[in-house]
Amino acid sequence: MMLAPTAGVSGANAIKPPFWLLAELTYRCPLHCVFCYNPTQHAAVRDELTTDEWIKVLREARALGATQLGFSGGEPLVRDDLEVLVAEAHRLGYYTNLLTSGVGLTEPRIRALKDAGLDHIQLSFQDSTRELNDFLSSTKTFELKRKVADLIKAHDYPMVMNCVMHRHNLPHIGAIIDLALEIGAEYLELANTQYYGWAMLNREQLMPTREQLQAAEAVVNDYRTRIGARCQLLYVVPDYFEERPKACMNGWGSVFLTVAPDGMALPCHNARDLPGLKFPSVREHSIADIWHHSTGFNAFRGEAWMQEPCRSCDERHKDFGGCRCQAYMLTGDAAATDPVCAKSPQHEQVVAIVRAAATRAEESDTQGVKDAHWKPLVFRTDSNSRALSAAALKLPDLG
């Protein structure tokens, strides 16, 4: 029904196998981060894949050619079968990475994961201070994260510390780097918020000013000079402040294969929100058929789908037209040129959003308080998710 090659893709043999498999084991999470990239209506997804179903996914993706495997969520540690899945992935020859908030990573659990063959752990913080870390996640987890960082190092893991950046914590970027050095992180990912999921809902409250970004980048560069190879610092600017779009996911259906908790197979973790596209379930189709033949995965492969100015742009081979989800959210058309591109007819939308962030910051500074146009942050909770689902369906929220 949805497994047929699309125009612009010259058969299955022209499609390279996926390199990365992202196993989103669950949308359940003990944190309530205001910038979470999970769907805002995550509470509607309840029927998680079983252990056996996930093992089938791992085997089929590995047979297709995937070598890198990320266990993600939500919080993957809420799954009691995580160790079983890690052991099977290790047996199959994947390089495995656990992306975690740290909640649930106890001494017995990390020892079991080590014995199962887990290769890598990426630990998230929300800030360098207990107050802001706990506020942004609406939990009391900062001290727990510090203890988990010690556990990770004690078990000889390479560790990536991740901190999502935005207007509230960019002024603390130096202290965040100091925290990474203190806990012994080899890599620190300072990825500025990209506006999908809950971050899109909170975009007005999270959007920094260009001056904030430039000041933060100067701090990062100063630390790079001073610390050398002690910790590699990756600083990613928000798309909205660029003149050209990123090569999102290194091209749609090119490198990354995401499997959502309910078994929906996706070219990226936000693709399920695109209207008009049907994505197959791993419960009904093999990974190979999904990757090569599904209409969803083939929708934006190649160049036949491109509109102008992408179709005739010399950079289309590098950026592949930018992000399809971002194009849809900003223009209502998933096939449009990503509006962050200066060549896009809709680029002025992005310019206006960035300009508005600067105006609000200026008014806040001059008035000494947040101006009346600021909206409250919406935290990622099941109740908020259900309310958003009800609003989308035009049904009453039954709580």
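The values are calculated or read from the model by the stated rules, or taken from the named source; none is laboratory data. Model, not experiment: these values are computed from the prediction. Here the Cβ positions follow ideal geometry from the backbone for every residue, glycine too, while neighbour counts run over all protein chains shown. Only protein heavy atoms, including side chains, enter the accessible area calculation; ligands, DNA and RNA are left aside. Shrake-Rupley method; radii C 1.70, N 1.55, O 1.52, S 1.80 Å.
Tell me which residues, restricted to segment 237-253, are part of a helix (DSSP H, G or I), among the hydrophobic types (A, V, I, L, M, F, W, C) and over 20 Å from residue 305 (Cβ atoms). Answer for segment 237-253, where residues must be part of a helix (DSSP H, G or I), among the hydrophobic types (A, V, I, L, M, F, W, C) and over 20 Å from residue 305 (Cβ atoms): just 241. If you go through segment 215-248 and keep only what is without any contact (Cβ under 8 Å) to a residue 40 or more places away in the chain and aliphatic (A, V, I, L, M), you end up with 218, 229.
Of note, residue 175 satisfies the criterion of being surrounded by fewer than 19 Cβ atoms within 10 Å (Cβ to Cβ), assigned to a helix (DSSP H, G or I), of a type in the set (A, V, I, L, M) and modelled with pLDDT of 95 or more.
For segment 40-69, a residue qualifies if it is in contact with a helix residue (DSSP H, G or I) (Cβ under 6 Å, 6 or more places away or on another chain) and modelled with pLDDT under 95, and the qualifying residues are 40, 41, 42, 43, 44. Do the conditions hold for residue 317, that is, is it modelled with pLDDT under 95 and either of a type outside the set (Asp, Glu) or over 22 Å from residue 266 (Cα atoms) (or both)? So residue 317 passes the test. On the stretch given as segment 89-109, residues that are out of contact with any strand residue (DSSP E or B) (no Cβ under 7 Å at 6 or more places or on another chain) and buried (at least 20 other Cβ atoms within 10 Å of the Cβ) total 1.
Counting only helices (runs of 4 or more DSSP H) that sit completely within segment 254-348, those holding 2 or more residues that are among the hydrophobic types (A, V, I, L, M, F, W, C) correspond to 287-293, 324-331. Residues in segment 365-399 that are surrounded by 13 or more Cβ atoms within 10 Å (Cβ to Cβ) and closer than 30 Å to residue 341 by Cβ were compared, and the one that is modelled with the lowest pLDDT is 374. On the given criteria, is residue 30 part of a loop (DSSP other than H, G, I, E, B) and either touching a Cys at 6+ places or on another chain (Cβ under 7 Å) or at pLDDT 95 or above (or both)? Answer is yes for this residue.
Highlighted here are the helices (runs of 4 or more DSSP H) found entirely within segment 190-236 that include at least 1 residues which are in contact with a strand residue (DSSP E or B) (Cβ under 6 Å, 6 or more places away or on another chain), open to solvent by 20 Å² or more (accessible area, probe 1.4 Å) and at pLDDT 95 or above: 210-227.
If the condition is being without any contact (Cβ under 8 Å) to a residue 24 or more places away in the chain and not charged (D, E, K, R), then segment 112-154 contributes 133, 135, 142, 154. Just one of (1) open to solvent by 10 Å² or more (accessible area, probe 1.4 Å); (2) over 22 Å from the mean Cα position of the chain (by Cα) fails for residue 157. It is (1). Among the residues making up segment 53-82, a single one is open to solvent by 40 Å² or more (accessible area, probe 1.4 Å), of a type in the set (D, E, K, R) and closer than 13 Å to residue 109 by Cβ: 80. Only one of the numbered conditions (1) in contact (Cβ under 8 Å) with a residue 12 or more places away in the chain; (2) over 26 Å from residue 37 (Cα atoms); (3) loosely packed, with under 15 Cβ neighbours inside 10 Å is not met by residue 293, and that is (3). Any residue at all in segment 237-251 that is surrounded by fewer than 20 Cβ atoms within 10 Å (Cβ to Cβ), modelled with pLDDT of 95 or more and among the β-branched types (Val, Ile, Thr)? Checked against the condition, which is being surrounded by fewer than 20 Cβ atoms within 10 Å (Cβ to Cβ), modelled with pLDDT of 95 or more and among the β-branched types (Val, Ile, Thr), segment 237-251 yields no hits at all. Across segment 19-34, the qualifying residues are those that are of a type in the set (Phe, Trp, Tyr) and within 25 Å of residue 251 (Cβ to Cβ), and the one among them that is least open to solvent (accessible area, probe 1.4 Å) is 20. When the residues of segment 75-127 are filtered to those that are assigned to a helix (DSSP H, G or I) and basic (Lys, Arg), the one that is farthest from residue 31 (Cα to Cα) is 91.
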